[in-house]
1. Working out 0.36 nm times the residue gap between residue 290 and residue 452, then minus their Cα-Cα distance, what length gain in nm do you get to one decimal?
2. Just subtract the alpha-carbon distance of residue 100 and residue 342 from 0.36 nm times their residue separation and send over the number in nm, one decimal.
3. Which order do peptides 420-429, 73-82, 47-56 fall in by mean Cβ count within 10 Å, highest first?
4. With contacts defined as alpha carbon pairs under 8 Å and 6 or more residues apart, what's the relative contact order of region 54-173 in percent?
5. With a point put 7 Å past each Cα toward its Cβ, work out how far residue 199 is from residue 255 in nm, to one decimal.
6. Give me the percent of DSSP beta bridges within region 1-103 that run antiparallel, rounded to the nearest 5.
7. Expressed in nm to one decimal, what extension gain is obtained for the pair residue 443 and residue 69 from 0.36 nm per residue of sequence separation less their Cα-Cα distance?
8. Using 1/(1 + (r/R0)^6) with R0 = 51 angstrom and r between the beta carbons of residue 304 and residue 125, what's the FRET efficiency to the nearest 0.05?
Ligand SMILES: Cc1cc2nc3c(=O)[nH]c(=O)nc-3n(C[C@H](O)[C@H](O)[C@H](O)COP(=O)(O)OP(=O)(O)OC[C@H]3O[C@@H](n4cnc5c(N)ncnc54)[C@H](O)[C@@H]3O)c2cc1C
C-alpha cells in the first residue's frame, strides 16, 4: 500500500515515523524545500548554536518529549540553567521580575507575588479577588477571561506578553479553550482558577517548564530522519500542486512528477492546503482561509562579554502597550548550556508584525539594536548576527477555532484516505504537532484497513 505525507516539518516527520512502524507500506515524505524540519532550524556558526525557529520544547505538552525518548535522545536533553533562571517584563521604562511560582499568569507563590514591583497594590488585590468571581460558561477569548477573572494589570503586564510571545500573535483574540484549556476546566470544576490550582497542584513542584537539546532543536529532526531513512522515500524540492481522486486513492501532481497513492496526509499550513483542496471541495476555501497565521522574525545577536549589559535572568518580554517591534529577548547563552563560546553572549530577539517584512535585513538589524538599547546598555555592534523570517508561520487559535477545524475535517471526511495534520489545526507547540502527525497516521491506517476489508483488494 502506498501512502504520501506532504510537508516535511515536524508534523509530517512525526506522521512518517508513525507510518514507518507498520509493515508492508510504501511511504513517501514530500517536501517543497530542499531540507526537512520546516521552521525548526539550528545552525552552528563560529562556535555559536543559533536557533532560527523554535528554541525549546514545552514540557506541559509531553508528546515531543515522549518521542525524543523513543528516539534515544534523552541523554542529549539540556535543561534551563538554574543559576540564571528568571524572566523579566519591560514595563514603564524598567525591567521588572516576574513573580516566582507564576503558573503562566496565575500566582502560586503569594509572597513573591506580593513583593513584585510589576503590579500596583490594586492590581495585586484585584488578581487575588479572582476567587470571588463567578464562573462563566461562555466561549471566551484569553483576553476576556483574564480581564474578567484577574483584572487589567495581569492581562496587560503578564498574560499578553507571555501568551502573545508563545503564540507569536495577539493574545486578544486567542481562544481560551485552545490556549489555556486547563484554566477553563479549573474554573468550571472549582469555580475559580486560584482555588482549583491550590487543590490540584502538588505541594512541591520541581518540573521544568521547557527543555532543549545539546545540539539544538534540529536534533529532534535529525533523530526522526535517522529513524525513517531506510524505509521512507523522502522527496525534497517537490511541491504538491494538485490532487486528483482516483477509484482507489489519489494522483498527486507535484512540480515535474506524479505519484499515485492510496492514503494522503497533508501536513502543511491550512492556507497551503486551501490551494490544493478547494478544487475538490469548493466550500473549503472559506473555511481554510479563516484560520489566521501570524508573521514573525527571529534575530540572533552575538557579543563579546562586557559589550552588552547582562540581565540577571534568561530574558525579558515586552508588552504590546510599550510600543516596541521586539516582543521578546532571550539571553540564549544564559538560558541553555552549549549556546556560545566562553566570554561571548548570544541573544535571540523575537519580532512580530507583517510590516517588518518590507524592511531589508540591515534595517531590521538597526531597528532591533535601537530598540534593544532603550532597555539595556550596548557598547558595540554585534560580532555576528543572523536573521530568520517566518511569514505566516504561526497559526492563531482564535475563538471558534475548535469548531472550525471540526467543520473542515467533516467536509473532507467523505474522501476516505485523506487527512490534514499540523499546527494550523491541532496546536502550535512542537508537542502538539508531534501528537497531530502521529495521530493522523494511526487514523489513516485504520481507514485504509477498513476500506480494504470492505472492498477487498
Ligand atoms: C519563530 C518561531 C518560534 C517558535 N518557537 C517555538 C518554541 O520555542 N517551542 C514550540 O514548541 N513551538 C515553537 N514554535 C511553533 C512550532 O515550531 C511550529 O508550530 C511547528 O514546528 C510547526 O510544524 P509543522 O510541521 O506543522 O509546520 P512547518 O514547520 O511549517 O512545516 C510545514 C512544511 O510543509 C512544507 N510545505 C508547505 N506547502 C507544501 C506543498 N504544497 N508541498 C510540499 N511541501 C509543502 C513547508 O515547506 C514546510 O517545510 C515556533 C514557531 C516559530 C515560527
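1. That pair, residue 290 and residue 452, stretches by 54.8 nm at full extension.
2. Taking 0.36 nm per residue and subtracting the Cα distance, the gain is 84.2 nm.
3. 420-429, 47-56, 73-82
4. Answer for region 54-173 is 17 percent.
5. Here the answer is 5.6 nm between the modelled labels.
6. The antiparallel fraction comes to roughly 55 percent.
7. 132.3 nm
8. That pair, residue 304 with residue 125, gives E of 0.65.
Just so you know, all these numbers are worked out from the coordinates, no wet-lab data involved. Just so we're clear, the structure is a prediction, and the values are computed from it rather than from any experiment. A quick note on method: Cβ atoms are made from the backbone with ideal geometry, for glycine too, and the neighbour counts reach across all protein chains shown.
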